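J.: One structure coming up, written as structure tokens, with questions to follow.
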Amino acid sequence: MLVLINLDSAAERRRHMAAQLARAAVPFERVGFDGRTRPAHDLDAWCRERFGNLTFDFDVLSGAEVGCGLSHVTAWDLLRGRPRETACTVLEDDVLVAPGFAAAIADLERTSSFDVVYLGTSSRNVSERRRTRVGSLSLHAPVGTIYNTWGYVVTRAYVERFFGTPQPRIALPIDHFLGGRALRACPRRLRWM
């Protein structure tokens with residue numbers, strides 16, 4: 001299953017991604033939560049209503065960062081609602097889909113030897129990686145923090161662990177949270193090249 005993070009206001013990006021994913025023969029669902037103009041108390045109320053005890057640190061995060069985090073968490077929640085799915089691919093709306101993308105995500109979604117595999121990132125640790133194999137794919141295990149999440153495959157096991165954390169709290173931008181800076185519910189991470 002693939003979930004595209006795309007705001008209602010970003011119609012051109014949506015068209016571009018839909019065309020790329022159609023060429024790759026990958027169906028998708030879209031989520032996008034725009035937190036830029038909503039007051040913190042509205043964002044918090046929506047989050048608690050939808051996700052129970054999950055909170056965001058509004059003293060640290062901007063409304064846009066909370067909205068982005070809610071978009072990703074909503075994608076994870078879609079996975080939770082589909083018991084037959086073992087993983088979910090989450091893509092931002094400003095990426096280029098590489099040749100072999102459909103086969104790679106299909107392979108990644110069938111394995112459970114990781115929590116998150118990045119499908120492309122920029123990071124400060126490019127030279128500090130260990131090669132590893134997952135299925136037929138050769139991946140890099142990053143050493144240190146990843147700072148951008150353009151796309152990733154997340155497993156059901158991680159999503160269940162995240163939502164099962166007592167009082168989960170996100171106090172970092174979601175890419176930093178997933179990238180290794182989370183203190184609780186931190187995922188095991190790999191990177192597809």
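Every read-out reported here was derived from the displayed coordinates using simple, explicitly stated rules and does not represent laboratory data. Because the structure is a prediction, the values reported are computed rather than measured. Glycine gets a Cβ as well: all are built from the backbone with ideal geometry, and neighbour counts include every protein chain shown.
J.: Note down the nm distance, to one decimal, between modelled labels 7 Å out along Cα→Cβ at Glu29 and at Arg82.
T.: If labels sit at Glu29 and Arg82, their model points lie 0.6 nm apart.
J.: Kindly state, to the nearest 0.05, the FRET efficiency for Trp46 paired with Ala11, given R0 = 22 Å and r defined as their beta-carbon distance.
T.: Computed FRET efficiency for Trp46 and Ala11: 0.40.
J.: What does the charge add up to near Thr86, with Lys and Arg as +1, Asp and Glu as -1, over the other residues with Cβ less than 10 Å from its Cβ?
T.: +2
J.: Taking the Cα-to-Cβ direction at Ala157 and at Arg110 and moving 7 Å from each Cα, how far apart do the two end points lie in nm?
T.: 1.8
J.: Apply the Karplus curve 6.51 cos²θ - 1.76 cosθ + 1.60, θ = phi - 60°, to the phi angles in region 8-22 and return the couplings in whole Hz, x for Gly and Pro.
T.: 3, 6, 9, 5, 5, 4, 4, 4, 4, 5, 4, 5, 4, 5, 5
J.: Tabulate in residue order the Karplus-calculated ³J(HN,Hα) for region 49-57, using 6.51 cos²θ - 1.76 cosθ + 1.60 with θ = phi - 60°, rounded to whole Hz; enter x for Gly and Pro.
T.: Whole-Hz 3J(HN,Hα) from phi for region 49-57: 5, 7, 10, x, 8, 5, 10, 10, 8.
J.: Starting at the first residue of region 160-168, write each ³J(HN,Hα) from the Karplus equation 6.51 cos²θ - 1.76 cosθ + 1.60 with θ = phi - 60°, in whole Hz, x for Gly and Pro.
T.: Karplus values, whole Hz, x for Gly and Pro: 5, 5, 4, 5, x, 5, x, 6, x.
J.: Let me ask another. Would you mind checking which residues have amide H under 5 Å from Asn6's amide H? H placed 1.01 Å from N; only 5 or more apart, or other chain.
T.: Val31, Gly32
J.: May I pose another question? Check Phe56: other-chain or 5+ apart residues with amide H under 5 Å from its amide H, H built from backbone geometry?
T.: Ile170
J.: Separate question: Cβ under 12 Å from Cys68's Cβ, Cys68 left aside: what net charge do those residues give with Lys, Arg +1 and Asp, Glu -1?
T.: Values: positive: Arg36; negative: Asp34, Glu65, Glu92, Asp93, Asp175.
Surrounding charge for Cys68 is -4.
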